[in-house]
Every structure is written in C-alpha cells, then in structure tokens.
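Values in this text are rule-based calculations from the coordinates and carry no lab data. Predicted model only: the values in this text are computed from it and were never measured. Cβ placement follows ideal geometry from the backbone for every residue including glycine, while neighbour counts extend to all protein chains displayed.
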Amino acid sequence: MPFPPSRVEELFQVAAKEGRLAHAHLLTGAPPSELESLGRGLAANLLDAELEGHPDFFVLRPESKSRRVSIAQVRQLEHSLSRKPHRAPIKVALILEAERMCLPPAEAANAFLKTLEEPPDHSLLILTSDRPEQLLPTVRSRCLTFPILPEEKSSPIEGIDEFTRHWAQSDEPNALGAYRRATLLQSFLLSTRARLEAQIEPAKEEQGDEGESAHSAYLAGQLVRVREDIIAHLIRSTWARAESTLRPEIIREVDALEKLRLALSRNIDTNLAIEVACLRTAGLTS
C-alpha cells in the first residue's frame, strides 16, 4: 500500500526512537524529484541537522551522459561509510535513481551488494527508484521498500500534455506528417533543455569554474532521463489512442518509438534518430 511522505517520516521517527531502523530502505512510486526530496528530509531528521556540508551525509547519483552509477562511485561510498561518524550517531547515504547502477553488466550493483550484505556499523542507506523493476532482485530483497504516493497533479515534464496533443494531431501518413512530428519532438527537447539549464545555472554560478564540469555532467544526465520519460509518455499515449482496437498504424507508431528509445540508448545522433523514427510512424520506411 502506498504511503504519503508524511507517514513515512513518522514511521522513520518511531523506528529510530525505538532503535529498530532497517539498514537499507527503498523509496519508490513517485517521480525522482519527489523521492529525492523525501530522502533528503529523512536523512535530515535522522542526522538532526542541515545536510549541506554535513560530514556524515553522502549522496550518490548517476554521472555523465550515460547516466550510470559507476563502480568507482560505489567504492568511494564504501570507503566513506567504513569510517566512524564525525558528528552524528550514524552515517546516512542517499542513493538516487538506484536502478542506474544495475545497467548491464551491473558491476556497480554487484559491488554495492557487499555493502548491503555486510553493512558497516553506524550506517544507513536510503535508495530511491521510480523504476524498481530495473533493480537487481538481490538489491531489492535486501531493502525495506516504501511505495510513495506521488503529489496530486504532479507534472514532472512541463508542457508534456500539450506536446502530446500536437503529436497525436500530426499523424498524417505522409512526409509532411513525419516532418511535423520530427520538428515537434526536436523543439520540445530543446525547450526542455533550456528550462533545465535555467534551473541549474544559479548553483553553477555560485560554485564557479570548480562546479562547471559537475553541473555539465548533471545536466547531460538529466536530459537523457527526461528524453526517456518523454518517449515513454508518447508510447503510453499512443496505446491509449488505440482504445480497444489495435489498428496497424498504432502498432507501427509504438514500434517506431520503441526503436527510437533503443537508438538513443546507443548514443546515435538524436536528430537523425528522431527523423528516422518519424518516417517510420508515417509508414515511409521500415
């Protein structure tokens, strides 16, 4: 049964007071930003302090354009957790988008299993994932899972509903329809990139040159994530348009979008992959 975030906070407080907190917890069910916010709130309560600069709080998130959690990150986290806490009774590690450590060949996840199976003393792990089915079963089985109720009317991607309506309206099975769809998707990705850049720019300016590379990697990772979510949303909306009739054009469109998702995961040029996919949705190429 999904829990509202406030209820999870209450459960953590009671368990901490009674000394029966589990070593590893998995937060899932809500969008990544909401899960991160809840995870940080839980960590702040456990440490009874602000998290910024706290020596006993650690964050591990996907890095680089491939949006992977690397084995080097896991090794560094293991090293940090192996030491005694500096100020708090425990150390808390927040592992964001934990499914990204399970990407084949899953070296990071297999390394992380050692921490789950033989947890360092005075340590607690909080994992987040809105795609828990992508976690290794061995990782999931070692965590106490909390499905979270997402916020009402949550809109993780600004403008996605309007974009989807325009996409559905541009379904002519000809070159003009393919061109319109390709332009729509490319423009939407560009506007999404601009919004993300605007969001992280203040933090980037505060840190100066030192934080530029980190923010560039973070931006690249977020763009990949949003791109995946947009394509997944298009696939769901296409199936919804089919209602109870699996028309050939619906099947063709879903197949084209699935191939687009696969092509982008292989780092094929984004604009080229989009153009080919839209030709496929129009039935102009196989």
Averaging sequence separations of C-alpha pairs under 8 Å and six or more residues apart, then dividing by the length of the chain, give the relative contact order as a whole percent.
-> 22 percent
What are the GluC sites (Glu not before Pro) within region 46-98 that DSSP puts in a loop, where the Cβ has at most 15 other Cβ atoms within 10 Å?
-> E50, E52
Work out Dmax and Rg for region 5-147 from the C-alpha atoms and quote the Rg first, both in angstrom.
-> 14.0, 43
Dipole of the chain [Lys/Arg +1, Asp/Glu -1 at C-beta], most positive-end residue of Q222, L184, T145 = T145
Rounded if a/c is under 1.5, else prolate if a/b beats b/c, else oblate: with a ≥ b ≥ c from the C-alpha gyration tensor eigenvalues square-rooted, which is region 236-282?
-> prolate
Near K259, which aspartates and glutamates are there with a Cα under 16 Å away, not counting those fewer than 8 places off in the same chain?
-> E228, D229, E249, D269, E275
Take the alpha carbon atoms of region 160-281, find their radius of gyration, then divide it by 2.2 N^0.38 Å using N residues; give the quotient.
-> 1.21
Give me Rg over Rh for the chain, both radii from the alpha carbons and Rh done the Kirkwood way, two decimal places.
-> 1.02
With a point put 7 Å past each Cα toward its Cβ, work out how far W239 is from L51 in nm, to one decimal.
-> 3.2 nm
Which whole-number percent is the relative contact order of region 58-193 (Cα, under 8 Å, 6+ apart)?
-> 20 percent
Projected label distance in nm at Q13 and R83, using a 7 Å step from Cα toward the beta-carbon | 3.2 nm
Label-point separation, S216 to I90 (7 Å along Cα→Cβ), nm = 3.9 nm
Check the straight Cα-Cα distances from K91 and name the aspartates and glutamates below 16 Å, setting aside those fewer than 8 residues away within the same chain.
-> D48, E50, E52, D56, E78, E118, D121
Taking only the alpha-carbon atoms of region 1-43, the convex hull volume per residue, in cubic angstrom, is 77 Å³
Per-residue [θ]222 nm for the chain (sum of -39500 (n - 2.57) over DSSP H runs n ≥ 4, rounded to 500) = -19000 deg cm²/dmol
Which of R266, R40, R140 fluctuates most in a GNM of the chain (C-alpha springs under 10 Å)? That residue is R266
Place a +1 charge on the Cβ of each Lys and Arg in region 1-120 and a -1 charge on the Cβ of each Asp and Glu, then give the dipole magnitude about the Cα centre in debye, rounded to the nearest 20.
-> 280 debye
Provide, as a two-decimal number, the C-alpha radius of gyration of region 25-80 over 2.2 N^0.38 Å, N being how many residues it has.
-> 1.25
